[in-house]
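Participant: Structure provided below as structure tokens; questions to follow.
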Amino acid sequence: MKLLRTHSSNVDFLVLVKQLDADLAIRDGDDHPFYDQFNKIEAINHVVMAYENNVAVGCGALKPFETGTMEVKRMYVPSAWRGKGIAKEILIELEAWALELGNRKCILETGIKQPEAISLYKKSGYTFIDNYGQYAGVENSVCFEKLLKK
């Protein structure tokens, strides 16, 4: 597997995000429009793509949240590629990139209807935090943070 650091105009990223949004529309149901408004990808400068034999098999992104903190966004691996450790490798690369940019922490939000994501983040050293920002008080959201180590 090859990892590529890129940005939100990467064509393969756009394709995977379209698949992600279709999956989330099903999982989120009536709540999807609420979540969708916070998942716009214009001008994301930190995207990691995973490739296997030149096929895009996963993606993830970082957005600045506040000084010293990046927010993990748009993590996705198509179902045919799940269970192979791809998301974990993308997350490790995102964390390394966040550190290189001078950050000390990553935060993220995911939905309770995404058990695979919750499992990944727990296994990767993320801990539950109170729902932040627009997710405060949202019952179907769970938020995590991880302090980054050099």
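Participant: Based on this model, can you work out whether A87 counts as in contact (Cβ under 8 Å) with a residue 24 or more places away in the chain, closer than 16 Å to T6 by Cα and either out of contact with any helix residue (DSSP H, G or I) (no Cβ under 8 Å at 6 or more places or on another chain) or not polar (S, T, N, Q) (or both)?
Facilitator: Spelling it out, it is not the case that A87 is in contact (Cβ under 8 Å) with a residue 24 or more places away in the chain, closer than 16 Å to T6 by Cα and either out of contact with any helix residue (DSSP H, G or I) (no Cβ under 8 Å at 6 or more places or on another chain) or not polar (S, T, N, Q) (or both).
Participant: Then there is this: Looking only at the stretch 35-44, decide whether some residue is out of contact with any Leu (no Cβ under 9 Å at 6 or more places or on another chain), of a type in the set (F, W, Y) and at pLDDT 95 or above.
Facilitator: no
Participant: Tally time: how many residues in the stretch 10-26 are within 16 Å of the chain's Cα centre (by Cα) and closer than 12 Å to Q114 by Cβ?
Facilitator: Matching residues across the stretch 10-26 total 3.
Participant: Follow-up. Do you know which of the residues in the stretch 8-32 that are at pLDDT 90 or above, part of a helix (DSSP H, G or I) and out of contact with any strand residue (DSSP E or B) (no Cβ under 8 Å at 6 or more places or on another chain) is farthest from N54 (Cα to Cα)?
Facilitator: K18
Participant: A further question on this structure: Checking E71 against (1) over 16 Å from the mean Cα position of the chain (by Cα); (2) surrounded by 15 or more Cβ atoms within 10 Å (Cβ to Cβ); (3) not hydrophobic (A, V, I, L, M, F, W, C): exactly one of these is not met. Which one?
Facilitator: Checking E71 against (1) over 16 Å from the mean Cα position of the chain (by Cα); (2) surrounded by 15 or more Cβ atoms within 10 Å (Cβ to Cβ); (3) not hydrophobic (A, V, I, L, M, F, W, C), the one that fails is (1).
Participant: Test A43 against the criterion of being over 14 Å from the mean Cα position of the chain (by Cα), under 17 Å from T6 (Cβ atoms) and among the hydrophobic types (A, V, I, L, M, F, W, C), and give yes or no.
Facilitator: It is true that A43 is over 14 Å from the mean Cα position of the chain (by Cα), under 17 Å from T6 (Cβ atoms) and among the hydrophobic types (A, V, I, L, M, F, W, C).
Participant: Filter the stretch 104-147 for residues that are among the polar types (S, T, N, Q), more than 13 Å from the chain's Cα centre (by Cα) and under 14 Å from K73 (Cβ atoms); which is surrounded by the most Cβ atoms within 10 Å (Cβ to Cβ)?
Facilitator: S141
Participant: Could you check the stretch 90-108 and list, in sequence order, the residues that are in contact (Cβ under 8 Å) with a residue 40 or more places away in the chain and in contact with a strand residue (DSSP E or B) (Cβ under 8 Å, 6 or more places away or on another chain)?
Facilitator: Listed by number, the residues that qualify are I90, E93, L94, E95, W97, A98, L101, N103, R104, K105, C106, I107.
The values are calculated or read from the model by the stated rules, or taken from the named source; none is laboratory data. Computed from a prediction, not measured in an experiment: that's the story for all the values here. No Cβ is skipped: glycine too gets one built from the backbone with ideal geometry, and neighbour counts run over all protein chains shown.
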